Each structure stands twice: as structure tokens, then as C-alpha cells.
Amino acid sequence: MKVNICSRKEALQLIQNGFPENTAVISFYTPAYQKKTQDRLDYRGKCKRIFYVPVHDIDPHCLGDFCLTYETYLPEADALAEFICNAKRDGMNLLCQCDYGQSRSAACAAAILEHFEGCGIDIFTDYRYYPNQMVYHKVYDALQKRGH
């Protein structure tokens with residue numbers, strides 16, 4: 001399974017110019033009440049599987065500002081882990097996308113790569129990315145619970 005990270009801008013180019021075959025998408029976007037960007041991307045007709053994740057790109061010390069706790073942050077983690085495992089089982093590649101392709105998507109990709117291949121640290125050491133550690137831990141822990 002190949003795991004790619006991309007920004008909204010890069011994803012729009014793929015949608016317009018030819019989306020990679022056999023690719024499932026995990027698309028992170030900012031929840032509506034904190035929206036600073038456009039709506040989530042529309043991948044219909046471009047890929048067979050898409051998992052949208054409305055989640056704030058925040059640090060742990062900011063959770064209270066959003067009426068969240070670590071336990072209530074990213075409640076979709078278990079369903080996302082199931083989506084990831086099903087894509088892997090079916091031989092699909094994964095595209096992790098967020099607004100800038102640096103934080104939420106990078107964290108998700110790192111969790112996937114760490115769980116399945118033991119090389120998630122490569123994302124953390126790549127200067128292009130700033131993985132959101134809460135997203136990483138929530139996705140990684142959900143994958144570990146599944147045990148694949």
C-alpha cells in the first residue's frame with residue numbers, strides 16, 4: 001500500500017487532471033464553525049472510497065478553547081482505522097489530504113506507516129511536514145486496537 005500526503009491545492013489538480021487509480025482518500029477539513037477555508041473537497045466520481053474527517057488542527061493546550069478533551073478529539077478515529085484497514089485489505093493506495101498537506105494529513109500518514117511498516121518517524125523527520133501529534137496518536141492508537 002502506497003501512502004501519499006497532499007494539500008487541498010494538489011488534490012484539486014489531481015481531481016481536474018487525472019486522479020490516481022485504486023486510491024482511497026482521507027480528507028481532513030476544518031469544522032464549519034471554525035472555518036477559515038473553503039468547504040471540503042468533492043471527490044465524487046474521482047475515487048471509489050473517501051473518508052471525510054472534520055477536525056481542528058490544534059495543539060493539546062488549546063482543546064478547552066474548543067470545548068474538547070483528548071478523549072473527545074477526533075471521535076472518528078475508530079471508523080477511520082476501519083476504513084484504512086479495509087483499503088489495505090483490498091490492495092488500495094491511500095491519499096491523505098488536508099488544507100496545506102503538512103499537519104493533519106501528515107500525521108495520519110505517519111500513523112499508517114508506523115502501524116503497518118514501522119517507518120512513521122520518516123514523516124516526522126521530513127522538514128516539509130509538521131504532523132499534528134494528537135491526530136497521529138488518535139489514528140495510531142485506533143489502528144493498534146484493530147491489531148492488523
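Within the group 7, 27, which residue is within 16 Å of residue 132 (Cα to Cα) and surrounded by 20 or more Cβ atoms within 10 Å (Cβ to Cβ)?
On the way: 7 fails: surrounded by 20 or more Cβ atoms within 10 Å (Cβ to Cβ).
After applying the criteria, what remains is 27.
Is it true that residue 123 is open to solvent by 10 Å² or more (accessible area, probe 1.4 Å), in contact (Cβ under 8 Å) with a residue 40 or more places away in the chain and under 21 Å from residue 10 (Cα atoms)?
So residue 123 passes the test.
Before we move on, is residue 147 open to solvent by less than 20 Å² (accessible area, probe 1.4 Å), without any contact (Cβ under 8 Å) to a residue 24 or more places away in the chain and more than 21 Å from residue 12 (Cβ to Cβ)?
So residue 147 does not fit the description; no.
Here is a list: 46, 138. Which entry is among the basic types (Lys, Arg) and open to solvent by less than 70 Å² (accessible area, probe 1.4 Å)?
Being among the basic types (Lys, Arg) and open to solvent by less than 70 Å² (accessible area, probe 1.4 Å) holds for just one of 46, 138, which is 138.
Could you please tell me which pairs satisfy a Cβ distance under 9 Å, a separation of 6+ or placement on different chains, a first residue in segment 126-139 that is in contact (Cβ under 8 Å) with a residue 60 or more places away in the chain, and a second residue that is open to solvent by 80 Å² or more (accessible area, probe 1.4 Å) and of a type in the set (Phe, Trp, Tyr)?
Within 9 Å, the pairs are 134/70; 138/70.
Determine if segment 82-94 includes at least one residue that is assigned to a loop (DSSP other than H, G, I, E, B) and without any contact (Cβ under 8 Å) to a residue 60 or more places away in the chain. Before the answer, list the steps.
We begin by selecting, within segment 82-94, every residue assigned to a loop (DSSP other than H, G, I, E, B); these are 90-92.
Adding the requirement that they be without any contact (Cβ under 8 Å) to a residue 60 or more places away in the chain leaves 90.
There is at least one residue in segment 82-94 that is assigned to a loop (DSSP other than H, G, I, E, B) and without any contact (Cβ under 8 Å) to a residue 60 or more places away in the chain.
The values are calculated or read from the model by the stated rules, or taken from the named source; none is laboratory data. Just so you know, these numbers come straight off a predicted model, no measurement behind them. Neighbour counts run over all protein chains shown; Cβ positions are idealised from the backbone, glycine included. Remember, those area values only see protein heavy atoms, side chains included, never the ligands or the DNA or RNA. Shrake-Rupley method; radii C 1.70, N 1.55, O 1.52, S 1.80 Å.
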